[in-house]
Amino acid sequence: MISEETLIFLKKLEKNNNRDWFQANKKEFEKAKADLTDFTAFLIGEVSKFDSQISNVLPQECVFRIYRDVRFSKDKSPYKIHLGAYISPGGRKSMAPGYYFHIQPGQSFVAGGKHIPDGPETLKIRSAIANHTDEFLKIVGKKSFREQFGELRGESLKSAPKGFDPEHKALEYLKLKEFMAFIELRDDKFLTSAEFPKHLVKTMKEMYRLVAFLRNALS
């Protein structure tokens, strides 16, 4: 489970997003980071039981830095007001299809799939969907999948992508620019409950077939 202290720290940080406050409360940040790192280690251990490709990933390779890159941003706040970890082969830097866990008071969520693929990656994924349509539709049309996630999240083209049949039965998926299953976790009390870890593992297991399909498409 996630510690209540981690959420309290993030609430304080949102109200005091400056270097002086952060330095004065560095120990609280280190505790929050360790909390997420430990939880990520737990997730890796459990998820690797059905997704062997992430079995050798270290939790430190998955947890994102809290420091913002403000070079090209009008918002010069130095710190993110959330914590996040991306579990995938190679960790957060690889950006291979995987699972993202986002902690932010009242706005937490979990997502699985491929976030903003580049041009060649998008073409590979669309081609895989077009060539293995029944397999893909079975994944995203599964009753338990749709009950948890509904439709895939992501921006979409207004018409069929170039080179693809505008009458294709999976056209709505071919038009997507990213391919993510997504579920909100807005109840902070649930995040800190004893039931939450097993629930999150079960959610990621439901995402696995989509993640595996996308990895195969990009391999």
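Over the stretch 1-96, consider all pairs of different Cα atoms and compute the Kirkwood hydrodynamic radius from their mean reciprocal separation; express it in Å, one decimal. Could the numbers behind the result be given before it?
Working: mean 1/r = 0.0692 Å⁻¹.
Radius from the Kirkwood sum: 14.5 Å.
Straightening the chain between His199 and Leu137 buys 19.8 nm, computed as 0.36 nm per residue apart minus the Cα-Cα spacing. Within the stretch 182-202, what residues put their amide N at less than 17 Å from the label point 7 Å along the Cα-to-Cβ vector of Ser48? Counting only backbone N, you get 201. If you take the charge dipole of the stretch 13-155 about its Cα centre, with +1 on Lys and Arg Cβ and -1 on Asp and Glu Cβ, which of Val140, Pro59, Asn16 is farthest toward its positive end? Going by the charge dipole, the pick is Asn16. For the chain, the longest principal axis of the Cα atoms and the long axis of helix 26-47 meet at an angle of about 30 degrees. Selection among His168, Tyr100, Phe72 by position relative to the dipole of the chain gives Phe72 as farthest towards the positive end (Cβ unit charges, Cα centre). Projecting label points 7 angstrom from Cα along Cα→Cβ for Lys76 and Arg186 puts them 3.4 nm apart.
Modelled this way, with points 7 Å down the Cα-to-C-beta line, the labels at Tyr67 and Lys27 are 2.3 nm from one another.
Sort 85-92, 187-194, 32-39 by packing, meaning the average of other beta carbons within 10 Å per residue, with the highest value first. Present the calculation step by step, with values, prior to reporting the outcome.
Details: 85-92: 21.1, 187-194: 13.8, 32-39: 18.5.
Packing proxy ranking, top to bottom: 85-92, 32-39, 187-194.
Think of each Lys and Arg Cβ as +1 and each Asp and Glu Cβ as -1; about the Cα centre, that makes the dipole of the chain roughly 420 debye. Which angle between 0 and 90 degrees, to the nearest 10, do you get for helix 4-15 versus the longest principal axis of the chain when only C-alpha atoms count? On a 0 to 90 degree scale, this one is about 90. Can you tell me, using C-alpha contacts under 8 Å and at least 6 residues apart, the relative contact order of the chain as a whole percent? In percent, rounded to a whole number, it is 22. One compactness figure for the chain is 1.09, namely its Cα radius of gyration divided by 2.2 N^0.38 Å.
Quick check: the angle from helix 196-218's long axis to the longest principal axis of the chain, C-alpha only, nearest 10 degrees? Approximately 40 degrees, to the nearest ten. Each helix, a run of at least 4 DSSP H residues, gives -39500 (n - 2.57); summed and divided by the residues of the chain, these come to -14000 deg cm²/dmol at 222 nm. Computing FRET efficiency as 1/(1 + (r/R0)^6) for Leu123 and Lys93, where r is the C-beta to C-beta distance and R0 is 30 Å, gives about 0.85. Each Lys and Arg contributes +1 and each Asp and Glu -1, all at the Cβ; summed about the Cα centre of the stretch 20-89, the dipole is approximately 360 debye.
Since every read-out is calculated from the coordinates, none of them should be taken as a lab result. Remember, predicted model here, so these are calculated numbers, not experimental data. Because the Cβ atoms are built from the backbone with ideal geometry, glycine has one as well, and the counts that use them run over all protein chains shown.
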